[in-house]
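Have a look at the structure below before the remarks.
The values are calculated or read from the model by the stated rules, or taken from the named source; none is laboratory data. No experiment lies behind these values; they were computed from the predicted model shown. Positions of Cβ are backbone-derived with ideal geometry, glycine not excepted, and every protein chain shown enters the neighbour counts. Just the protein is used for accessible areas: all its heavy atoms, side chains included, with ligands, DNA and RNA removed. Shrake-Rupley method; radii C 1.70, N 1.55, O 1.52, S 1.80 Å.
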Amino acid sequence: MTQAQANLDINTPENAPEEWSAQQSSKLYGVRDWGADYFDISAEGNAVVSLQFGEKTVHVPLIDIVNGMKERGLDMPAVLRIENLLDLRITQLNEAFARAIETAGYKNHYRGVFPIKVNQQCHVIEEIADYGRRYHHGLEAGSKAELIIAISQLRDHDSLIICNGYKDEEFIDLGLYARQMGIPCFFVLETATELFTILERSKALGIDPLIGVRIRLASTVEGHWNGDSGDRSIFGLSTNALLEVVEQLKKADMLHCLQLLHSHLGSQIPNIRNIRSGVMEACRFYTGLIEEGAPMGYMDLGGGLAVDYEGAHSNSTHSMNYGLDEYCYNIIEALQECLDPLDIAHPVLITESGRALIAYSSMLLFNVLEVRDHKPGAIPDQAPEDSHDMLFNLYAVLGNVTVQNLQECYNDAIYYRDELRELFHHGQATLRERALAENVSLAILEKISELLPQARRVSAELESLPELLSDIYYGNFSLFQSLPDIWAIDQIFPIMPIHRLNEKPTRSAVIADMTCDCDGKIDSFSYEDGICKTLPLHPLKEGEEYYLSVFLVGAYQETLGDLHNLFGDTNVVSVHISEDGSFNFVREFHGDSIADVLSYVEYDPKVMQEQFRKLAEQAVRDGKISVPMRQQMLRAFSDSMNGYTFFER
Ligand SMILES: *Cc1c(COP(=O)(O)O)cnc(C)c1O
């Protein structure tokens, strides 16, 4: 700021940049609501990761990590993983169950298993196996590939492997071998027919299987994944099929293998009451199987522990109306309530939390490339003399907007603007007249929008005006690659800038990605007042990057993402934060190059390079380019091939 401006500001306070504090940003973006104490905003206006080391809390600004990444040649967009947060979530889940078990006097222990499908990345599974070891945290596999991961990653023979999904002979043999080597590997039956193969293979190999049954609960849940439960769920055995399984096992003299009951009500269950009633119903099946003579001993309640993406602490789809401790207590209490009156021994309790374990540890970072605002261009004070009548009318409206006549002015602005568009269409208005009409009508809408907060009653039409006039921020990322759930199921993730949070965000924006797809945008955000269609952001500064982060993206997003427009995997960085607040780039993975993504869709980059060479060589022979030019072009082609698929500065 120049001296003159500073003085001016002091003399005329109404022109001063509005005071704004990091605290106000914190409230606006709701960090403390969705951040679960792991994220915050520093007084300097930076988004930070907050970690507790004993009595001490360290705060690490994300912008420092981004700068560190830049120095290491890792460009935006990038997935940032904070190893500590994964470690912490594993610890918190296991400790919370341990506390509930201790407090309630439950007479068995808890064993978590991580469902590999939620994030299969090798280094993530390695970290889970590593950090989870002290709690014997195991893995859940839903396919042969995932079983192979589980067997090769788990080193601890007190950790469980739970096999869900359809299983063929090969799958079953692998699981039986694991069992023979001392790994408690359960086959959970999804259908009664699967049992024949299991019994047959177990007889052939002489290895007794550990068998579980997945039941279809009648209890249903709220939220997006309610199809996993209820009568029409595609998963699990009906009561009838369950009894058929029991009969088959008895006939084969293998009922002693039936030890686990499995129920999974669905992912992201927002309402604790649904969880509790699901556990109660599962318990009834459990006791029923004991009455049938099965030994049992393990109760697997599946996933479903939610993440409060909205930060609303409510039972809406992207939120949850309970905390981790409450979740654990409710489950333990429900189990005791059902089993104790029947004097049934408490089973080992298993849950398969995926989302809740991993969501927090990853975020997607990207820079903003450009902003398209919806501001009117400069307009003359009045319509030029020989203008069309409609332009004079628009100017009249512009001079006439007051809080009392907002709707009327809106109607007129749209009417005259559309009339002029029509005239343009028929060759009766010029390009310049049309441009002026667009600008004046925009200026009217802008004025109306500014006065809206003062108006007493506002129509739906006017209510959507701020959204209509909002900016578009073009982000350097692909929604389809990095945030597929936003596209597929209208998932909400917390999004905010990672710096400049001590400046007032004066713009209101939707975020567009780099794909040429009208679905490639984010226009649903959760902050201060609930779900909104636009997000408050800062205007870009000349020559300075503006970074945003999408938080809580660790679950499901990476592998579900696709190659729309051939934007490939992003760079990934895994960071470990130390007690002194310093951080260490533990792992870095460079995202796909263009050659990589081309080969995924069966192109051969070498052949393409050769085709380009031939093209250039022909151009030399035809006298269109020189040989040095040819060399320059070949280098550019090969650099592109080896470069990042996203926008590079
Ligand atoms: C997907 C899935 C999970 C994980 O659910 P979250 O809500 O992510 O915890 C657990 N168990 C089964 C059987 C699943 O299909």
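To the nearest 20 debye, what is the magnitude of the charge dipole of the range 389-466 about its Cα centre, counting +1 on the Cβ of each Lys and Arg and -1 on the Cβ of each Asp and Glu?
For the range 389-466, the charge dipole is close to 140 debye.
What would the Debye formula give as log10 I(q)/I(0) at q = 0.09, 0.17 Å⁻¹ for the alpha-carbon point model of the range 106-353, no solvent?
With one equal scatterer per Cα and no solvent, log10 I(q)/I(0) is -0.36, -1.37.
By how many degrees, between 0 and 90 and to the nearest 10, does the Cα long axis of helix 431-451 differ from the longest principal axis of the chain?
Relative to the chain, helix 431-451 is tipped by roughly 60 degrees.
Over 21 Å apart: what share of the alpha carbon pairs of the range 389-466 falls there, rounded to a whole percent?
Here the long-distance tail beyond 21 Å is 27 percent of all Cα pairs in the range 389-466.
Considering only the other residues whose Cβ falls under 12 Å of the Cβ of residue 117, what net charge follows from Lys and Arg at +1 and Asp and Glu at -1?
Working: positive: 355; negative: 140, 146, 352, 558.
Neighbourhood net charge equals -3.
Every cysteine in the chain with no other Cys Cβ under 4.7 Å from its Cβ, please list them in numeric order.
122, 163, 185, 257, 328, 409, 516, 518, 532, each lacking another Cys Cβ under 4.7 Å.
Classify the range 432-531 as rounded, prolate or oblate from the Cα gyration tensor: take a ≥ b ≥ c as the square roots of its eigenvalues, call it rounded if a/c is under 1.5, otherwise prolate when a/b beats b/c and oblate if not.
The shape class here is prolate.
What is the gain in length, in nm to one decimal, between residue 166 and residue 608 on full extension, counting 0.36 nm per residue of separation less the C-alpha to C-alpha distance?
Answer, rounded to one decimal: 155.0 nm.
Please list, by residue number, every one of the trypsin sites (Lys or Arg not before Pro) in the range 489-550 that is coil in DSSP and has at most 16 other beta-carbon atoms within 10 Å.
Sites meeting the loop and neighbour criteria: 533, 541.
Determine the percent antiparallel among the DSSP beta bridges restricted to the chain, to the nearest 5.
Taking every DSSP beta bridge with both residues in the chain, the antiparallel ones total about 50 percent.
Run the reach check for residue 203 against lysines, Cα to Cα strictly under 20 Å, same-chain hits fewer than 8 apart removed. What comes back?
Cross-link targets: 167, 250, 251.
For the Cα atoms of the chain, what angle does the longest principal axis make with the long axis of helix 194-205, in degrees from 0 to 90, nearest 10?
In the chain, helix 194-205 runs at an angle near 50 degrees to the longest axis.
So for the range 349-458, taking the charge dipole from beta-carbon charges (+1 Lys/Arg, -1 Asp/Glu), which of 369, 443, 414 sits furthest toward the positive end?
It is 369.
In whole percent, what relative contact order does the range 106-353 give with Cα contacts below 8 Å and a gap of six or more residues?
Numbers: 502 pairs, mean separation 45.4, N = 248.
Contact order relative to length: 18 percent.
Where a Cα-Cα gap under 23 Å defines reach, which lysines qualify for residue 70, not counting those fewer than 8 residues away within the same chain?
541
What is the Cα radius of gyration of the range 595-641 over 2.2 N^0.38 Å, N being its residue count?
Against the compact-globule rule of thumb, the ratio is 1.25.
Is there a quick way to get the dipole size of the range 595-641? I mean about its Cα centre, with the Cβ of Lys and Arg at +1 and of Asp and Glu at -1; what is the value in debye to the nearest 20?
So the magnitude is around 320 debye.
Report Rg/Rh for the range 538-621, rounded to two decimals, where Rg is the Cα radius of gyration and Rh the Kirkwood radius.
We get a ratio of 1.15 for the range 538-621.
Lysines near residue 27 by alpha-carbon distance under 22 Å, same-chain residues fewer than 8 away left out - which ones?
504, 533
Given axes a ≥ b ≥ c from the Cα gyration tensor, I'd like to know whether the chain is rounded (a/c under 1.5), prolate (a/b larger than b/c) or oblate.
Cα axes put the chain in the prolate bin.
Could you tell me the calculated FRET efficiency between residue 333 and residue 532, based on Cβ-Cβ distance and R0 = 51 angstrom, to the nearest 0.05? Could the numbers behind the result be given before it?
Working: r = 38 Å, r/R0 = 0.74.
Efficiency, rounded to the nearest 0.05: 0.85.
Could you check how much of the accessible area of the chain is carbon and sulfur, as a whole percent, using a 1.4 Å probe?
49 percent
Tell me the Rg and the Dmax, in Å, that the Cα atoms of the range 337-390 produce.
Calculated on Cα positions, Rg and Dmax stand at 33.0, 95 Å.
Report, to the nearest 10°, how far helix 169-180 tilts away from the longest principal axis of the Cα atoms in the chain, using its own Cα long axis and a range of 0 to 90°.
60 degrees
Dipole of the range 595-641 (Lys/Arg Cβ +1, Asp/Glu Cβ -1, origin at the Cα centre): which of 615, 641, 599 lies farthest to the positive side?
615
Could you give the accessible area per residue of the chain, probe 1.4 Å, as a whole number in Å²?
46 Å²
Students often check this: by mean Cβ neighbours within 10 Å, which of 552-562, 444-454, 619-629 ranks highest, and how do the rest follow?
Values: 552-562: 21.2, 444-454: 17.1, 619-629: 11.1.
Ranked by mean Cβ neighbours within 10 Å, highest first: 552-562, 444-454, 619-629.
If each Cα of the range 256-386 is one equal point scatterer, what is log10 of I(q)/I(0) from the Debye formula at q = 0.15, 0.18 Å⁻¹?
One equal scatterer on each Cα of the range 256-386 leads to -0.78, -0.98.
Using the Cα centre as the reference, give the magnitude of the dipole from point charges on the C-beta atoms of the chain (Lys, Arg: +1; Asp, Glu: -1; all else neutral), rounded to the nearest 20 debye.
Working: 52 positive and 96 negative charges, 228 e Å.
Result for the chain is approximately 1100 debye, rounded to the nearest 20.
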